[in-house]
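Structure first, commentary second.
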Amino acid sequence: MAFSVIGFSVIQLMGEYLFTQRTRDDQRIADNLAEAFSGYLVAFDAQSIYDAALEAARAQQGRVLVLDALCVVQVDTASEMNGQRFITAEIDGVLKGSDGDYGFYDAGSAGNAGNYWLRAALNGFSGVNAMTGLYASPIKSGGSLVGVVVYISQVQEIYESLRDIQIKILSWMAIVALAVLLVNALVLRTITRPIGELNEGISRMSKGDLSARVRVRGNNEFAGLARAFNSMSERLEQLDKSRSQFVSNASHELKTPLSTMKILTETMVYQDPLDPAMAKEFLTDINKEIDRLNRIVSDLLTLVNIDSGMKLNLTDLDIGALLQEQVKRLSPLARENGVELECQAKESLEVRGDALKLQQVVYNIIDNAIKYTPRGGEVRCALSRAGKRAVIRVTDTGVGIPEEDLPHIFDRFYRVDKARSRETGGTGLGLSIVKQFVLLHGGTIDARSAPGKGSTFIIELPLAEKKKEG
Ligand SMILES: Nc1ncnc2c1ncn2[C@@H]1O[C@H](COP(=O)(O)OP(=O)(O)OP(=O)(O)O)[C@@H](O)[C@H]1O
Ligand SMILES: [Mg+2]
């Protein structure tokens, strides 16, 4: 819209400019002739008037008429209207005292109002259907009007060049309009629509619908945005699912010891009289269940802390000493279970880490190895160095882990043999905590196993950077 307004204004301005320019030039020709003729008139030099008129007409490719004060044509460079009375609005204006006047006529329709000579004057010169300009200028002598110069010139080419400009501008406008439409369609396809869909997806998600996904179109930045949105909502959905799974698993794990305690307590309550020996036995069992509850709750709290961005309390520590310490702590359990526990950690390696967390890591792995190794078996720990890493290996000759379970043992609440783990008091949280702790230290943990023969857990931790002396 604005564009077409500008286009039309440009056409109008161009037209006005061309016409003023032209009329100014033509009027000057008429004025100059009038001035020259005034001199010739004073000298009664009719021949010079005729010659000058002819010369001007030829030079400007126009027609010159010289009229006396009574509007009778004295000179006509086209030798057609001599002796005829000729009057137009412009000539009349000059007679009434104007310094000069001009008008434009279409030679085809001029004179339809009855002015026969007007048509003759224009047609005789420029042919049919051409735009023609008529300039009248007073010839003065001693201050009084003695005649009128009429100069007729064709302005058709101005009209034509104006029409050319008009056509050009209009065609450019059409092209630009088309381009605007195309760009609009493109913008709608590549920007507006994807943003709209993304908007809808976000508002669905903010209302709690985590299954919201948007369509990925093409391969531009918006497609990237859509992909990022989809992977974000997928991740949120997964997180939401695993969170509810976690809560349900946790509740289940807490329920088991509570039910046991409830049964034991009720049995004692309804026993009359209460057998002190039995009461003592039941209370011992209840005490064990309380320990178990305690362990589960502290494991759950540890996981919650990890999820909410746990901070490590870092120091440089001797990992060999730490390993030996935990082996010593677990020796009584190994003895009780009839498992031989041995440790080879002669090398002293320094690791930058959180002592309490790494103790828990090593303790859990050795604890598992003892728990899942039958009487008469062996558990061997070893520490070595591989490049810039400390490698801890815990190998047992226990029950092993089936291949299909191996990828899941680090998942929360995952147990290979639920009944057996329950017997050994396991909740399936130990390894998931171990893995998180190792990852927090920038390390890795891996498990290899041959079912029936035993398993090996390998933990790699980055060594502490050696401080340069001085
Ligand atoms: N050394 C091992 N040999 C055989 N199976 C193992 C070994 N270590 C772990 N597992 C299997 O992996 C499962 C997960 O271990 P994890 O330590 O997470 O749980 P848990 O020992 O059952 O319980 P928790 O450690 O929470 O008390 C165990 O239930 C067990 O089935
Ligand atoms: Mg365990």
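The values are calculated or read from the model by the stated rules, or taken from the named source; none is laboratory data. Keep in mind it's a predicted model, so treat the numbers as computed, not measured. Here the Cβ positions follow ideal geometry from the backbone for every residue, glycine too, while neighbour counts run over all protein chains shown.
General observations
- Lone qualifier among Ala174, Ala69 - being assigned by TED's automatic domain parsing to the domain that holds Glu16 and out of contact with any Cys (no Cβ under 6 Å at 6 or more places or on another chain): Ala69
- Here Ala177, Ala130, Ala110 are screened, and the one residue that is among the small types (Gly, Ala, Ser) and modelled with pLDDT of 85 or more is Ala177.
- The range 375-385, subset within 18 Å of Pro332 (Cβ to Cβ) and either within 49 Å of the chain's Cα centre (by Cα) or crowded, with 21+ Cβ neighbours inside 10 Å (or both), residue farthest from ligand 2 (Cβ to nearest atom): Cys381
- Verdict on Thr427 being of a type outside the set (Phe, Trp, Tyr), at pLDDT below 95 and within 16 Å of ligand 2 (Cβ to nearest atom): yes
- Selection count, the range 287-323, where residues are polar (S, T, N, Q) and crowded, with 17+ Cβ neighbours inside 10 Å: 1
- Checking Tyr372 against (1) at positive phi; (2) surrounded by 15 or more Cβ atoms within 10 Å (Cβ to Cβ), the condition it does not meet: (1)
- Between Val362, Val339, the distinction of being among the hydrophobic types (A, V, I, L, M, F, W, C), closer than 20 Å to Leu440 by Cβ and within 16 Å of ligand 2 (Cβ to nearest atom) belongs to Val362 only.
- Among the residues listed as Val434, Val438, Val391, the single one being within 12 Å of ligand 1 (Cβ to nearest atom), surrounded by 16 or more Cβ atoms within 10 Å (Cβ to Cβ) and among the β-branched types (Val, Ile, Thr): Val434
- Some residue of the range 154-161 being exposed (fewer than 15 other Cβ atoms within 10 Å of the Cβ), over 30 Å from Gln84 (Cβ atoms), among the polar types (S, T, N, Q) and in contact (Cβ under 8 Å) with a residue 24 or more places away in the chain: yes
- Matching entry among Arg295, Arg329, Arg335 (being within 15 Å of ligand 1 (Cβ to nearest atom), assigned to a helix (DSSP H, G or I) and within 26 Å of Gly398 (Cα to Cα)): Arg295
- Inter-residue pairs, beta-carbon under 9 Å, first farther than 22 Å from Asp299 by Cβ and in the range 389-416, second assigned to a helix (DSSP H, G or I) and away from ligand 2 (no atom under 16 Å from the Cβ), 6+ apart: Ala390/Ile319; Ala390/Gly320
- Scan of the range 386-413 for residues that are more than 46 Å from the chain's Cα centre (by Cα), β-branched (Val, Ile, Thr) and within 14 Å of ligand 2 (Cβ to nearest atom), ordered by number: Val394, Val399, Ile401
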